[in-house]
1. Could you point to the residue in G330, S307, A200 farthest towards the positive end of segment 181-338's charge dipole, with +1 and -1 charges on the Cβ of Lys/Arg and Asp/Glu respectively?
2. Only four residue types carry charge here, +1 at the Cβ of Lys and Arg and -1 at the Cβ of Asp and Glu. Report the dipole size of segment 109-250 about the Cα centre in Debye, rounded to the nearest 20.
3. Any idea which of P219, N96, I284 is furthest toward the positive side of the dipole for the chain, if Lys and Arg beta-carbons carry +1 and Asp and Glu beta-carbons -1?
4. Convex hull over the alpha-carbon atoms of segment 51-117: what's its volume per residue in Å³?
5. Comparing S249, S151, S71, which has the greatest mean-square fluctuation in the GNM of the chain with Cα pairs linked when under 10 Å apart?
6. Sticking with the crude label model, points 7 Å out along Cα→Cβ, report the distance from S58 to T302 in nm, one decimal please.
7. Compute the normalised compactness of segment 139-239: alpha-carbon radius of gyration over 2.2 N^0.38 Å, N being the residue count.
8. So what's the gap between the Cα centers of segment 80-96 and segment 243-260, to the nearest angstrom?
Amino acid sequence: MIVNRWAGSLGIVFALTWLAGCGGGGSGSGGSGGSSGRNAYVSVPEANAISAFRVDPSSGNFKTVLGSPFSGGSSPVSIAVHPSGKFVYAANQGGNDISVFTIDSNTGELTEAMPRTPAGLNPTALAIDSGGDLLFAANQTSNTISVYSISSSDGKLTEIQGSPFATGARPVALALSPSGKFLYAGSANVAAVFGYSVAAGTGTLVSIPGSPFAVGGGPFSITIDPSEHFLFVVNFTANTVTGMSINASSGVLTLASGSPFAAATGPISVVFHPSGQYLYVANIGTNNISAYSIDSTTGAPTQLTGSPFTAGTGPLSATVDPGGKFLYVGNQSSKDITRLQIDSSTGLLSNSVTATTINLAPSQIVFTK
């Protein structure tokens, strides 16, 4: 549920044409149908489109959905899947709006519902609560967070009263706690994480006492463990990772043991394993993935043997599939997606292969449950 893509913030230079096809690195292509497997969706800002795949839950192989990529708004840098698996939302950074797509339950095909919903300037990150009632959007240039209620019938967004809410300068990352009680925003210009309580039933945001919370320079990605005990943020310009414990009642953040800790060059995306035992960091400057075990009591990280693990060129995003079997990495420069197998007992990564070739830089990968 954590989403955080900001292609413009890093000065990524996109190509001007969409090269045909989303070939599959040995994974095949074509329509899917049936109920086996799950869907994966990949935002491709350069193409103003979202690529869609069926995913084999055993092998992790991608199979291109018929009709993919699906056209959408201008520069969709962040996407989120509704918990029901019925809708995909895209933050269109170039259009200052949000798209909603309906998902065909049989094929995984996407159909955009018009009109698009207005957002602030340059919406860059999205988050949806576990009940599928609220959507949050960080607006990078407006320095605000927009909050919307979600219609369960058609996925339509309605901005709540009081939205948008002010936040720190250049918010580029959002993380919503699993309970939906707290929302955190990474502010790249302030080297801080801003925390908010989310009012039950309305979605109104109220600043958490002590917010903002200092982290390292360039906080570009945030993740929260499934038990809601710890929050981790990668600090891109500081080449560090900050871990913080979460007060269950107030949402106040406190530095965890050993934090901040060193990462490789250009840590840009961070994600927890569904078990909460392991943490993975994509390092865009060194083309690899750092892997850590996390102490369940203190939050202290221990780098795993063999870490960092090789990814593609320019890894921009890291996502663990819902089953916790595979780590998928979207690579900006090699324009593909790397799949690594996760050992559930150790967290170690192995069998790095290209899951699919996108032909243009992928921004984010999300899965249906």
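Please treat every number below as a calculation from the coordinates, not as lab data. Predicted model only: the values in this text are computed from it and were never measured. Here Cβ is always computed from backbone atoms with ideal geometry, including for glycine, and neighbour counts include all displayed protein chains.
1. It is G330, whose Cα lies furthest towards the positive end.
2. Details: 4 positive and 8 negative charges, 78 e Å.
I would put it at about 380 debye.
3. Positive-end residue among those listed: I284.
4. Working: hull volume 6.1 nm³, N = 67.
Spread over its residues, the Cα hull of segment 51-117 gives 91 Å³ apiece.
5. Per the Cα network of the chain with a 10 Å cutoff, S249 tops the list.
6. Inter-label distance under the simple model: 3.5 nm.
7. Working it through for segment 139-239, the quotient is 1.08.
8. First find each Cα centre; the distance between them is then 29 Å.
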